[in-house]
Protein chains: 2
Amino acid sequence: MQSRYFTINDHPQGTPARELFELHEQALPSLAQGEVRIRNTWLSVDPYMRGRMSGVTTYIEPFELNAPLEGAAIGEVIESRDANFPVGTKVRHMGGWRDIAQLPGDQLESLPTFKVPEQAYLGVLGMPGMTAWTGLNRIAEMQEGDNVLVSGAAGAVGSLAVQLAKAKGGTVVGIAGSPDKLDWLASHGIQPVSYRNKNAAELTEALHDACPEGFDVYYENVGGTCLEAALNTLRVGARIAICGMIARYNEETPSPGPGNLAMLLIRRARMEGFIVFDHWAHYSQFLEDVGPQVESGQLDYEETVEEGLERTPDAFLKLFEGANRGKMLVRL
Amino acid sequence: MQSRYFTINDHPQGTPARELFELHEQALPSLAQGEVRIRNTWLSVDPYMRGRMSGVTTYIEPFELNAPLEGAAIGEVIESRDANFPVGTKVRHMGGWRDIAQLPGDQLESLPTFKVPEQAYLGVLGMPGMTAWTGLNRIAEMQEGDNVLVSGAAGAVGSLAVQLAKAKGGTVVGIAGSPDKLDWLASHGIQPVSYRNKNAAELTEALHDACPEGFDVYYENVGGTCLEAALNTLRVGARIAICGMIARYNEETPSPGPGNLAMLLIRRARMEGFIVFDHWAHYSQFLEDVGPQVESGQLDYEETVEEGLERTPDAFLKLFEGANRGKMLVRL
């Protein structure tokens, strides 16, 4: 059987070009004992993958050039030599960026049994959802009644963070750019603030207008001006969870950071970076908390879907244009 | 009885000029019930006082123009209408920047009874010592065996932080500038690193040479280049205690911050600002831990002493020239 997969042919500087990605095809060897063959139905593309393209080890191994890229995927077992995963089992695994994956059974998870569409396990009940929940609860230690600020608030992670924060009894302000993202936030009871055409001082003022008391929690997805403005609006004892700094992922040379880090001192605030993979032992706790909210329709989640394996690089590149609302997915 | 005291006549921009400070004299009213009159013997000058001169509320009320400045002081009760503080009692209080203080008894603390010189309660067993201990233990949660980096490592707080870290079983690297400060560090088993004539990349390399494994704890007194270099040398799960950023206290406009804050994410590190006054409930725990180390001579502390009330502003201004080693004091 043939598998088609994407590779990268170089380590990009700055924003990757579409030509970086190459589609290849190979014949799969027959299954070894313990191996499973999966027909992927959904592929995930995520901002963190940009880091893996740079050729240096950050918190995760870099992608190898000219080898199949990796990423979360959902699929159905079509051939199996692992009794735990009979043919027909729906599974999640890291063999994305390809149509047919062949993996050892110990690298697969059967999908949980909530009544939700299967691709939810790549988004609201997968890594982005777990990231939103972990940052809010385990890093920022959000308490009921906290004032919560989220940047990238209509993105895959941010759109869940704002809703989880609201469901937990917070007053929530979300920073986003485009009018439709701001509308989406407002329609979910989140006070929207646009970052567009604002410098840090202007964004600070807009945040102050949105929440004059200031913020107990800042959920950081963006960096840059958003971080600088957020630092100006912290309450004493505030906690910042740094989930990502997408504004900088494609920079060729680092920009200066915020000039007001001393706010951490003045407000006795804490800022902490985290990687969701470190917290995966708590995934079942997350599912128990958030799964029923998704099943009942209480938690709204959006998907932006590209069709067909060939579009996977385009879906990935759109992440850096702010073109997606909610989780960016590829349907095969 | 007359009291002589210092005031400021303006809110300084940038480094304060000597002319900012004015010496005044007033006749004290007779003691009200509960009040105590103290002849000060030692005055403390501290970097945090610069923040109080700016006319804005940070974590502490600003100094009022043309009113007596405040600060920690040690003195002896010379007249009392509070039975808890009979004449002859040695006390610590915040009525510094003056020779005779008159205060309600509830604003005084009797000095503890360790066999140490009384001015130790302004330094190693006072606010600077408590600051070193709090940052290391309560904020950075230093564990035995940690690799610890301290900036401003020969200053009033830093010189205690490095020794406390070493006594707790850490491998300790200290950043300082002048050769005699570096020598002092080396003679106490601290690996010295000079920041002089180094940009962030060069300081990063020097820190890497001093401790190739990287740091579990960074005790931050300085900011600027030191912070940027330290961020590059964190181990996974590192903790940064921000005690001060003296490099910036006199800046008229904020400089950009470090361009590598994303290291917090990559290393899943935590950075937290703290103010020692918030932790004063733990002062007795600090005394119990550190008092015996001072009494036995195990903990070395330095003092830079200016003589006479008139020299108080000069002592204060020297803090920003890096001219002091250890605690800067004024002896009356």
* Asked: Given the conditions (1) touching a residue at least 24 places away in the same chain (Cβ under 8 Å); (2) more than 14 Å from every other protein chain (Cβ to nearest Cβ); (3) within 24 Å of A:Glu303 (Cβ to Cβ), and given that A:Phe215 satisfies all but one, which numbered condition is not satisfied?
  -> (3)
* Asked: In region B:283-312, which residue that is among the acidic types (Asp, Glu) and touching a strand residue (DSSP E or B) at 6+ places or on another chain (Cβ under 6 Å) is farthest from the other protein chains (Cβ to nearest Cβ)?
  -> B:Glu307
* Structure fact -> Among residues of region A:291-332 being under 13 Å from the mean Cα position of the chain (by Cα) and at pLDDT 95 or above, the residue surrounded by the fewest Cβ atoms within 10 Å (Cβ to Cβ) is A:Leu329
* Restricting attention to region B:297-318, which residues are among the aliphatic types (A, V, I, L, M) and either assigned to a loop (DSSP other than H, G, I, E, B) or not assigned by TED's automatic domain parsing to the domain that holds B:Gly95 (or both)? -> B:Leu299
* Asked: Taking region B:144-196, which residues are touching a Cys at 6+ places or on another chain (Cβ under 7 Å) and closer than 20 Å to B:Leu125 by Cβ?
  -> B:Val157
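For every residue, the table says whether it meets (1) touching a Pro at 6+ places or on another chain (Cβ under 9 Å); (2) over 18 Å from A:Pro313 (Cβ atoms); (3) within 14 Å of another protein chain (Cβ to nearest Cβ); (4) not hydroxyl-bearing (Ser, Thr, Tyr).
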{"residue": "A:Gln2", "(1), (2), (3), (4)": "no, yes, no, yes"}
{"residue": "A:Arg18", "(1), (2), (3), (4)": "yes, no, no, yes"}
{"residue": "A:Ser30", "(1), (2), (3), (4)": "no, yes, no, no"}
{"residue": "A:Gly34", "(1), (2), (3), (4)": "yes, yes, no, yes"}
{"residue": "A:Thr41", "(1), (2), (3), (4)": "no, yes, no, no"}
{"residue": "A:Val56", "(1), (2), (3), (4)": "yes, yes, yes, yes"}
{"residue": "A:Leu65", "(1), (2), (3), (4)": "no, no, no, yes"}
{"residue": "A:Ala73", "(1), (2), (3), (4)": "no, no, no, yes"}
{"residue": "A:His93", "(1), (2), (3), (4)": "no, yes, no, yes"}
* Structure fact -> For region A:254-276, pairs from a residue that is over 16 Å from A:Gly214 (Cβ atoms) to a residue that is among the hydroxyl-bearing types (Ser, Thr, Tyr), with Cβ under 7 Å and 6 or more apart or across chains, are A:Gly259/B:Ser255; A:Phe274/A:Thr134; A:Ile275/A:Tyr59; A:Val276/A:Thr131; A:Val276/A:Thr134
* Check on B:Val222, modelled with pLDDT under 95, among the aliphatic types (A, V, I, L, M), closer than 30 Å to A:Gly237 by Cα and assigned by TED's automatic domain parsing to the domain that holds B:Asn147 -> yes
* Asked: If only one of A:Asn221, A:Asn232 is within 12 Å of another protein chain (Cβ to nearest Cβ), more than 24 Å from the chain's Cα centre (by Cα) and surrounded by 17 or more Cβ atoms within 10 Å (Cβ to Cβ), which one is it?
  -> A:Asn232
* Structure fact -> By residue number, the members of region A:1-22 that are aliphatic (A, V, I, L, M) and either free of Cβ contacts under 8 Å to residues at least 40 places away in the same chain or open to solvent by 70 Å² or more (accessible area, probe 1.4 Å) (or both) are A:Met1, A:Ala17
* **Pairs with Cβ under 6 Å, 6+ apart, first in region A:297-326 and over 21 Å from A:Ala132 (Cα atoms), second assigned to a loop (DSSP other than H, G, I, E, B) and of a type in the set (D, E, K, R)** => A:Leu309/A:Asp99
* **Search result, residues across region B:85-116 that are open to solvent by less than 60 Å² (accessible area, probe 1.4 Å) and part of a loop (DSSP other than H, G, I, E, B)** => B:Phe85, B:Gly88, B:Thr89, B:Gly96, B:Trp97, B:Asp99, B:Leu108, B:Leu111, B:Pro112, B:Phe114, B:Val116
* To do: Quickly run through region B:117-128 and pick out the residues that are buried (at least 18 other Cβ atoms within 10 Å of the Cβ) and either polar (S, T, N, Q) or not in a helix (DSSP H, G or I) (or both).
  => B:Gln119, B:Gly123, B:Val124, B:Leu125, B:Gly126
* Structure fact -> All-but-one check, A:Ile74 against (1) part of a strand (DSSP E or B); (2) over 20 Å from A:Val276 (Cα atoms); (3) among the β-branched types (Val, Ile, Thr); (4) open to solvent by less than 50 Å² (accessible area, probe 1.4 Å), failing number (2)
* To do: Among the residues of region A:264-282, count how many are more than 7 Å from every other protein chain (Cβ to nearest Cβ) and surrounded by fewer than 19 Cβ atoms within 10 Å (Cβ to Cβ).
  => 4
* Counting only residues that are within 21 Å of the chain's Cα centre (by Cα) and among the hydroxyl-bearing types (Ser, Thr, Tyr), which one in region B:165-198 is surrounded by the most Cβ atoms within 10 Å (Cβ to Cβ)? -> B:Tyr195
* To do: For region A:132-155, indicate whether the set of residues that are surrounded by fewer than 22 Cβ atoms within 10 Å (Cβ to Cβ), outside any helix (DSSP H, G or I) and out of contact with any Gly (no Cβ under 8 Å at 6 or more places or on another chain) is non-empty.
  => yes
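The values are calculated or read from the model by the stated rules, or taken from the named source; none is laboratory data. Since this is a predicted model, take the numbers as computed values, not measurements. Neighbour counts run over all protein chains shown; Cβ positions are idealised from the backbone, glycine included. Ligands, DNA and RNA are excluded from the accessible area calculation, which covers all protein heavy atoms including side chains. Shrake-Rupley method; radii C 1.70, N 1.55, O 1.52, S 1.80 Å.
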